[in-house]
Amino acid sequence: MQNKPLTKADFSSDQEVRWCPGCGDYAILAAVQRMLPKLGIAKEKVVFISGIGCSSRFPYYMNTYGFHTIHGRALTIATGLACTRPDLTIFVITGDGDALSIGGNHFLHALRRNVNLNVLCFNNKIYGLTKGQYSPTSEVGKKTKSTPYGSLDTPLSALSLALAAEGSFVARSVDIFAAHLTQTMEAAVAHKGLSFVEIYQNCNIFNDGAHADITDKDKRDDNILYLEAGKPMVFGKNMDKGIMINSANELTVEQLGKDKTEKDCLVHNSDINNLGIHHQLAQMNLPNFPVPMGIVRQHSRPIYDQLINEQLDAVIKQKGEGNLQELIKGPQTWQVD
């Protein structure tokens, strides 16, 4: 039982943080450590599970339970834990390579199952830990040690992939946008089911400035669309541009003025059944569209770990407790003399 409110220091471990100076991971770590005390959850009820990559050192720096697993497999470990200990608040820390390439298969299935997990995906568009190879989110033409003449691959959109896999909570923020990131993560933890938050993160050693069009102070106002439920999609330094939908149900950017006003703009609804608008939002990118930030989709649907435990309870009630050894032995085993 907790006798006093927890603080950021209570969630900080005694381990030396070993990221490169200036890495965006520091900002995310600080944001998470500041957020957790607000949630009123005991440290013993919080678990951080990671795969492989720079971001995956995260569990070492949290004074909670944690598990540094293998490449791309964090979601499998987390799914098992969520099913057996639904009382825990579980975070999965992953990167664009870990989640979308090596772990891509597990990523899709955890989303479609809607396991009660909080997935934070640090997207720096590069493999940083292995010294700078192109990742699934690297842009076409990206020159790296593994693509010396430029990448030919169409980059994956993490948000589009999450929506295609029926993600029930899909959002995006930026490492250095502390208030926005904290607010987005708080909403993610409150969501029942899998919450996916893509975090644009800067790798200042191997891909510095990958998100500069979003983070530079002189550009961000014109390049970011902040999504707020129930509010019209308006953006720009002077808030004079808006997102509208044309007769072909396609999103368009319109200049606001006498002919078109804020009232004509599309109002964001993160909880509509029709995924079409959310998919179009996820696909929006520079230079033709602003980059959406915030919660793209938040939709309630059955949770996998709850369903599986209800099913187990029903079968036990019908057939009684099982015998693990008998199950392993099964009716189809035999002994060779």
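Here is how the numbers come out for the structure above:
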item: Simple label model, 7 Å out from Cα along Cβ direction - Ala42 to Leu312, nm; result: 2.1
item: Heavy atoms of Cys265: accessible area, 1.4 Å probe, square angstrom to 10; result: 10
item: Contour excess over end-to-end distance, with Cα ends at Leu327 and Thr130 and 0.36 nm allotted per residue; result: 66.6 nm
item: Cβ-Cβ FRET estimate between Asp14 and Asn204, R0 fixed at 25 Å, reported to 0.05; result: 0.45
item: The chain, helix-only ellipticity at 222 nm - DSSP H runs n ≥ 4, -39,500 (n - 2.57), divided by all residues, nearest 500; result: -8000 deg cm²/dmol
item: Tilt relative to the chain, helix 104-113 - C-alpha long axis, 0 to 90 degrees, to 10; result: 80
item: Cα point-scatterer Debye curve for region 32-128, base-10 log of I(q)/I(0) at q = 0.10, 0.13, 0.14, 0.16 Å⁻¹; result: -0.24, -0.40, -0.47, -0.61
item: Beta bridges by DSSP in region 107-223, antiparallel share as percent, to the nearest 5; result: 10
item: Helix axis angle, 178-190 relative to the chain longest principal axis, alpha carbon, degrees; result: 40
item: Relative contact order of the chain, pairs being alpha-carbon contacts under 8 Å that are 6 or more residues apart, as %; result: 15
item: Filter on Lys192/Lys219; Lys142/Lys217; Lys131/Lys219; Lys237/Lys263; Lys192/Lys319; Lys4/Lys45 - keep pairs with C-alpha separation over 27 Å; result: Lys192/Lys219; Lys131/Lys219; Lys192/Lys319
item: Equivalent ellipsoid semi-axes, the chain, via Cα gyration tensor eigenvalues times 5, rooted, Å; result: 36, 25, 22
item: Order by protection proxy (mean Cβ within 10 Å, highest first), peptides 330-337, 318-325; result: 318-325, 330-337
item: Efficiency of FRET between Arg112 and Asp218 - r from beta-carbon atoms, R0 51 angstrom, step 0.05; result: 0.80
item: Fraction of antiparallel bridges per DSSP, the chain only, in percent to nearest 5; result: 35
item: Residues with amide H under 5 Å from that of Leu129, placed H, sequence gap 5 or more; result: Cys54
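The values are calculated or read from the model by the stated rules, or taken from the named source; none is laboratory data. Keep in mind that this is a model prediction, so the values were computed, not measured. No Cβ is skipped: glycine too gets one built from the backbone with ideal geometry, and neighbour counts run over all protein chains shown. Heads up: the accessible areas ignore ligands, DNA and RNA and are worked out on the full protein's heavy atoms, side chains in. Shrake-Rupley method; radii C 1.70, N 1.55, O 1.52, S 1.80 Å.
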